[in-house]
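Reading through the structure tokens given below for one structure.
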Amino acid sequence: MKHISLLGSTGSIGTQTLDVIRAYPNQFTLQSMSVGKNTDLALKQIHEFLPKLVSVQSKEDYDKLIHEVPSTTKVVYGAEGLIEVATVQESDVLVNAVLGSVGLAPTLAAIQAGKTIAIANKETLVTAGHIVTEEAKRHHVSLIPVDSEHSAIFQALNGEQIKEVDRLILTASGGSFRDRSRDQLEGVTVREALNHPNWSMGAKITIDSATMMNKGLEVIEAYWLFGIPYEKIDVVLHKESIIHSMVEYIDGSVIAQLGTPDMRGPIQYALTYPNRLPAVSKERLHLWELGTLNFTKLDMDRFRCMKFAYDAGKTGGTMPTVLNAANEVAVAYFLEGKLSFLEIEHMIEQALEGHTVLKQPTLEEIMAVDAETRAFIHSTIK
């Protein structure tokens, strides 16, 4: 029996994590969870899974839920509540499924408490990869990837030696506008951007997929997870999202992990590793029904956010922090209708160009740069 803490229970990854826990009640229990704004769904989850501890965003949410939860469930709130959820004594594994840099502090706290980390929150490693990985080594804690791409690489590396890896090849669907030129991106709507052809994801991640920032963040995440230099991490466009990623070895062999585009697969593998259980989904991959798999070389002039990410990752220090913070704010403004789609890139570029890099920043410096970058984007737009 594995005891799970879950940050972000009502989001896309969170609800699918609960699907896995629900399917295997003799294998997993939910000990604690955090929730964002969707307290109505959270209340249903609380009554079904009966966690011992729940954290909500605000005192108002706390006041709303405190009288509606079972007597066995303790409710807390705010940043301190996230840390309490992540470090609850009874838990073995923390699933970090929140969006944004808010996941950093609770993840570090969970590492220091000796919890295994199933990480779906890219921003934690993008923002402070050197700190997170050093803490994980110091406390002998495993970082197990949940993203389908990193899970694929993780699986393709099983039984192999990292020194014999020649390249990591991440696949990308290309997002909602993969068949459009840059000129055709002028005036695209939020609704169009949210219409992902393959995956069912939250709004922010779906927009990141359309700009390809999602894949850029994954490149930086892969660097920290697997210790492979950026020059040996490639991205290829693969419309079908059947090959989730590949590892090429020095002898020319390429090992790929394939599966249907269902996030419950990599979530389940992260929870069961090093073992496997039957899939929650009954859908199976039948390659003969697909007929053809398509691959296209990535054009960084078309997908400028990919170039921003590679450049920020190679520069290091606080530059990835700026990349992530600027993107989070710009995407939020786009979703509110206050920025055009192409202006997302422009805002990120402005923030990167105006930043003076701090090498080997402390956690306090990272948080300060994060706040400064967000303030800069707000001031530029307002």
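Listed values, structure above:
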| item | result |
| --- | --- |
| Residues listed by number, region 203-222, amide nitrogen under 20 Å from Glu283 label point at 7 Å toward C-beta | 203, 205-207, 209-210 |
| Selected from Leu285, Leu237, Leu170 as most flexible by GNM, with the chain as the system and alpha-carbon contacts under 10 Å | Leu285 |
| Members of Lys137/Lys163; Lys204/Lys239; Lys163/Lys359; Lys37/Lys282 lying beyond 24 Å, as alpha-carbon distances in this model show | Lys163/Lys359; Lys37/Lys282 |
| Contour excess over end-to-end distance, with Cα ends at Val254 and Asp40 and 0.36 nm allotted per residue | 72.4 nm |
| Reachable aspartates and glutamates from Lys122, criterion Cα separation under 13 angstrom, eight or more residues apart if same chain | Asp147, Glu149, Asp208, Glu218, Glu221, Glu328 |
| Where labels lie 7 Å past Cα in the beta-carbon direction, separation of Lys314 and Thr292 in nm | 3.4 |
| Scattering curve values for region 202-336, log₁₀ I(q)/I(0), Debye with Cα scatterers, q = 0.11, 0.17 Å⁻¹ | -0.51, -1.16 |
| Among 179-189, 11-21, 242-252, the order from most to least packed when residues are scored by Cβ within 10 Å on average | 11-21, 242-252, 179-189 |
| Computed [θ] at 222 nm, helices only, for the chain once each DSSP H run of length n ≥ 4 contributes -39500 (n - 2.57) | -14000 deg cm²/dmol |
| Aspartates and glutamates whose Cα lies under 12 Å from that of Lys52, excluding same-chain neighbours fewer than 8 positions away | Glu84, Glu90 |
| Fraction of antiparallel bridges per DSSP, the chain only, in percent to nearest 5 | 30 |
| Packing-based order for 118-125, 265-272, using average beta carbon neighbours within 10 Å, highest first | 118-125, 265-272 |
| Alpha carbon convex hull of region 45-85, volume per residue in cubic angstrom | 57 |
| The chain, Cα convex hull volume normalised per residue, Å³ | 142 |
| Three-way shape call for region 36-192 based on the alpha-carbon gyration tensor, with the a/c threshold at 1.5 | oblate |
| Beta bridges by DSSP in region 1-115, antiparallel share as percent, to the nearest 5 | 0 |
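Each value in this text was obtained by applying a stated rule to the coordinates, not by laboratory testing. Fair warning: this is a prediction, and the values are worked out from it, not measured in the lab. We place every Cβ from the backbone using ideal geometry, glycine too, and count neighbours over all the protein chains shown.
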